[in-house]
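The values are calculated or read from the model by the stated rules, or taken from the named source; none is laboratory data. Not measured: the values here are computed from a predicted model. With ideal geometry, Cβ positions are generated from the backbone for all residues, glycine too; neighbour counts draw on all protein chains shown. Heavy atoms of the whole protein, side chains included, go into the accessibility calculation; ligands, DNA and RNA do not. Shrake-Rupley method; radii C 1.70, N 1.55, O 1.52, S 1.80 Å.
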Amino acid sequence: QPELTGDFGTLMEWVDTIRTLKVRANAETPLDAATARKFGAEGIGLCRTEHMFFDPKRIIAMREMILAETEKGRRAALAKLLPYQRQDFIELFEIMQGLPVTIRLLDPPLHEFLPNSEAEIAEVAKEAGVEPAVVKARNAALHENNPMLGHRGCRLGITYPEIYEMQARAIFEAAVHVSRDTGRTVVPEIMIPLVGAKKELDLMKASIDKEAEAVFAEQKYSVHYMVGTMIELPRAALLAGDIAQTGEFFSFGTNDLTQTTFGMSRDDSGPFLEVYRAKGIYEHDPFASLDQAGVGELIKIAAERGRATRPGLKLGICGEHGGDPASIHFCQGAGLDYVSCSPYRVPIARLAAAQAALGGSSSSGTA
Ligand code: PEP
Ligand code: MG
């Protein structure tokens, strides 16, 4: 950890001899990945791939893909995106130098990719070679009143399997490239978002495995990989025993898990939250620190049921709570293997993990 120097660097070396929880970072850009490494992250716990498509060069093809009426149209747009994605993953694998990299397949609330203005609609229509009216109609058809609970996560992957196929291909091509080039082991961990049932994961894993087979045959080179899932819906936590039959690792998405357990929007919790805290109904903001009574209980249930099916199942957390000291104490107690947080919180997470390993008291409470 070259960037943490002096007394602080020494302290961090000590804490690393004590902690048992691994600390990874949430990162999708080369800059974030490099920062994470400097602060001592031991891998990427969450690469949110939807963030990779907002670049102006890519967003048009992304909109074209989402708005296409046919699979053929989607595949044409995805073909434009594949080289970008491959390069994204090559860079991440190179920076992480063989450390684990968990890549989450596309999970945008759909509205983030839909065109908003006439100019954006015209731009997509031109790119796709169709009339603006066609784009408008499709845009209207895809509109959702509650996108965060709508057509996102693996629901997108189920309805449009070609999206995840493109991403899986990019991951495997990149892994083969970097592994062959550097001689280092690259073991991508491919993660499916918003799973609520084993069958969803079965379908997604089957298409990922098919893509792996195709790429490894073309390249005459193969790498190991894992397919796992986010646990971010109460139903997924309850059905974790089933889901672990297919899922090779779990990562708790506590942002969505908090949203869906509380039935409270993560984007606009509103002024009532202050009143709730003042009246002692919630001890703290549940989106900032784990609610141990509700969300925490679901994590424990999922960990227990998942590991009953698959002993030694790797468990992590990648929601905002993964960088919160009190929540990290909880994660230690729940038997998680790692926490993943923003790169700048990695040093704090390392310290908190060491304190948790020593059994120090945490300031956590139940919301
Ligand atoms: C989560 O839901 O906790 C999570 C990590 O995923 P995202 O924040 O991208 O929905
Ligand atoms: Mg989520």
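Kindly indicate whether any position in region 219-228 is within 16 Å of ligand 1 (Cβ to nearest atom), more than 25 Å from Gly73 (Cα to Cα) and not in a loop (DSSP other than H, G, I, E, B). Within region 219-228, one or more residues are within 16 Å of ligand 1 (Cβ to nearest atom), more than 25 Å from Gly73 (Cα to Cα) and not in a loop (DSSP other than H, G, I, E, B). One residue alone among Gly359, Gly335, Gly296, Gly312 is over 20 Å from Pro100 (Cα atoms) and more than 16 Å from ligand 1 (Cβ to nearest atom), and that residue is Gly359.
Out of the residues in region 37-49 meeting the condition of being open to solvent by 10 Å² or more (accessible area, probe 1.4 Å) and assigned to a helix (DSSP H, G or I), tell me which one is farthest from ligand 2 (Cβ to nearest atom). Checking each candidate, the answer is Lys38. Among the residues of region 229-253 satisfying the criterion of being assigned to a helix (DSSP H, G or I), of a type in the set (A, V, I, L, M) and open to solvent by less than 20 Å² (accessible area, probe 1.4 Å), which is farthest from ligand 1 (Cβ to nearest atom)? Filtering region 229-253 for residues that are assigned to a helix (DSSP H, G or I), of a type in the set (A, V, I, L, M) and open to solvent by less than 20 Å² (accessible area, probe 1.4 Å), the one farthest from ligand 1 (Cβ to nearest atom) comes out as Ala244. Evaluated against (1) more than 14 Å from ligand 2 (Cβ to nearest atom); (2) touching a residue at least 40 places away in the same chain (Cβ under 8 Å); (3) of a type in the set (Val, Ile, Thr); (4) over 30 Å from Thr185 (Cβ atoms), Thr246 falls short on exactly one condition, (4). Among the residues of region 254-272, those identified as surrounded by 13 or more Cβ atoms within 10 Å (Cβ to Cβ) and not in a helix (DSSP H, G or I) are Met264, Ser265, Arg266, Ser269. Against the numbered list (1) open to solvent by 50 Å² or more (accessible area, probe 1.4 Å); (2) away from ligand 2 (no atom under 16 Å from the Cβ); (3) not aliphatic (A, V, I, L, M), Asn146 comes up short only at (2). In summary, helices (runs of 4 or more DSSP H) completely within region 79-187 and bearing 2 or more residues that are under 29 Å from Ile317 (Cβ atoms) occur at 154-159, 161-182.
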